[in-house]
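The values are calculated or read from the model by the stated rules, or taken from the named source; none is laboratory data. Bear in mind the structure is a predicted one, so any value in this text is a computation, not a measurement. Cβ atoms come from the backbone with ideal geometry, glycine included; neighbour counts cover every protein chain shown.
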Amino acid sequence: MAVYVEKKHWWLRNKKIVDKYMKEAKNLIASQDPNDVESALNLLDSALSVSPRYELALELKARSLLYLRRFKDVADMLHDYIPSLKFSGEDSGIGSSESFRESVSLLNELPSHGGESGDSSFKCFSVSDLKKKVMAGLSKNCNEQGQWRYLVLGQACCHLGLMEDAMVLLQTGKRLATAALRRQSISLSDDSFILFSSADGASSPPSSARYLTESDHVLSHIKLLLRRRAAALAALDAGLYSESIRHFSKILDSRRAAPQGFLAECFMHRASAYRSAGRIAESVADCNKTLALDPSCLRALETRAALLESVRCFPDSLHDLEHLKLLYNSILRDRKLPGPVWKLHNVRYREIPGKLCVLTSRIQQLKERIANGGIGNVDYYALMGVRRDCSRSELDRAYLLLNLKHKPERSMSFIDRFELTEDEEELDSVKDRARMSTLLLYRLIQKGYSVITSDLATAEKQRAGTETPIRAGAVAANNNVNVVKGECFVEI
């Protein structure tokens, strides 16, 4: 007698496989052990390979990455929801960015104000416009299952230094979660509300209430940092450089850690303020810190090269320009700006060819100046911020301040005030870059003090040499007067 075996459809088999992966992943995540969460990520990837759009698997993967502090992976996974990409995506590159702009995302479905604008820089978008666009998109496709994206991505953007994006995403996620809880509570009676809450908490992934509390703390910190940065930038634009430096120092010297990308941006702005105030050494030091945190910062390399050229330190300036040229060539070769698609830059891709031509001619001019013997003629007076006719006490005071501030062990203290986004290897590389650049600046200051001290000693000797004949003549004249007076007294 033949036994009839019911043949299951392929989607039923796939559902069974996905459910098995999800059950094992949930059990591993519940232990909250980092190794178990890593194993759960592998299971979630397997589930997503079978069902790529399974919402619960996507949510668990994003929250697991956030728990493991893999913020870059979260941003790469959910980059379609980063608001600033709507404004800066057109100029960030070509090729791979084209497919990104054509992908389906929440913000890409929104109507733009005044059409596609290719001239807007990433620093010129309005946070209020971002809020309007995000909320307009939510009114069109309100998907309650996707609310977690805003809270998770908002926290990841905060740790990556994308403060405006983080604020918009967290506020949107908070608003959506609150509205969902309100709708849920209205649909339940008073008796079933408690039962529903307890049952739901046992079977669902981590509730949004805890993430709402976390987002409140993150939001308050973001708003504080943005207010201080806005005040510092306003003072810088108004020409109040000391005030701008003071505001940026509040951010950079704060005891509470700040994101690495945000600190690099603030160091770069403070370097501009120091440069405008004529404090070359401090500006170079902040450029060094920016490059330690972000080695591919084009603006920091360009600024430091200009500063070193202004004090006629041509070999070091040429080294920075050569490094900048390599970055420009790599951008043209890869057909995109360095870093991931969500990283913000202060330069557009279409500007790179023109900048490369100007940079090439500038490098050639520097090489000619070095060949003509312009190596040992460094302007240490400008570097240390003292006048050419300064006194020894003024020089000692300036050197003492620079020496205390730019000692290698003291200059490295900024590393303890930034949030580590990946692992210990990144921290070691930041320390190595900071130590090397700090040591070079410190040696330059030491040599400057030695050279200026020698110049002052030489000038003092010359002054003493010119004063000696004058003093001898005055003494001889005085003696002659005394002799004449003595003779007159004897005659009387």
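In the stretch 445-461, the residues that are farther than 24 Å from SER283 by Cβ form Cβ pairs under 7 Å with partners that are in a helix (DSSP H, G or I), at six or more places apart or across chains, as follows: LEU456/ARG392; LEU456/LEU395. Of the residues making up the stretch 18-37, those that are among the acidic types (Asp, Glu) and part of a helix (DSSP H, G or I) are ASP19, GLU24, ASP36. Of the numbered criteria (1) within 24 Å of HIS159 (Cα to Cα); (2) in contact with a Ser or Thr (Cβ under 8 Å, 6 or more places away or on another chain); (3) not polar (S, T, N, Q), the one VAL74 fails is (2). I'd like the residue in the stretch 397-425 that is over 19 Å from ARG435 (Cα atoms) and surrounded by 12 or more Cβ atoms within 10 Å (Cβ to Cβ) and, out of all such residues, is modelled with the lowest pLDDT. Taking the candidates together, the pick is GLU422. Whether a residue is assigned to a helix (DSSP H, G or I), modelled with pLDDT of 90 or more, at negative phi and surrounded by 10 or more Cβ atoms within 10 Å (Cβ to Cβ) was assessed, and LYS447 passes this test.
This table checks each residue for (1) closer than 30 Å to ARG417 by Cβ; (2) surrounded by fewer than 17 Cβ atoms within 10 Å (Cβ to Cβ); (3) in contact with a Pro (Cβ under 8 Å, 6 or more places away or on another chain).
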site	(1), (2), (3)
ARG299	yes, no, no
TYR328	no, no, no
ILE331	no, no, yes
PRO338	yes, yes, no
ARG348	no, no, no
GLY373	no, yes, no
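Please verify whether ARG312 is outside any helix (DSSP H, G or I) and either within 27 Å of the chain's Cα centre (by Cα) or not small (Gly, Ala, Ser) (or both), treating the condition exactly as stated. Yes, satisfied.
Looking at GLU368, is it part of a helix (DSSP H, G or I) and modelled with pLDDT under 90? When the stated conditions are applied, GLU368 passes them. Can you tell me which of LEU188, LEU162, LEU138 is of a type in the set (A, V, I, L, M, F, W, C), modelled with pLDDT of 60 or more and farther than 25 Å from ALA234 by Cα? Checking each option against the conditions leaves just LEU188. If you go through the stretch 53-99 and keep only what is surrounded by fewer than 19 Cβ atoms within 10 Å (Cβ to Cβ), at negative phi, modelled with pLDDT under 85 and not in a helix (DSSP H, G or I), you end up with just ILE94. Selection within the stretch 331-347: residues that are assigned to a helix (DSSP H, G or I) and either within 21 Å of the chain's Cα centre (by Cα) or among the hydrophobic types (A, V, I, L, M, F, W, C) (or both). The member of this set that is nearest to VAL284 (Cα to Cα) is ILE331. Among the residues making up the stretch 327-349, those that are modelled with pLDDT of 90 or more, closer than 25 Å to ASP76 by Cβ and of a type outside the set (Ser, Thr, Tyr) are LEU327, ILE331, LEU332, ARG333. Exactly one residue out of ARG362, ARG350, ARG387 is basic (Lys, Arg) and not in a helix (DSSP H, G or I), and it is ARG387.
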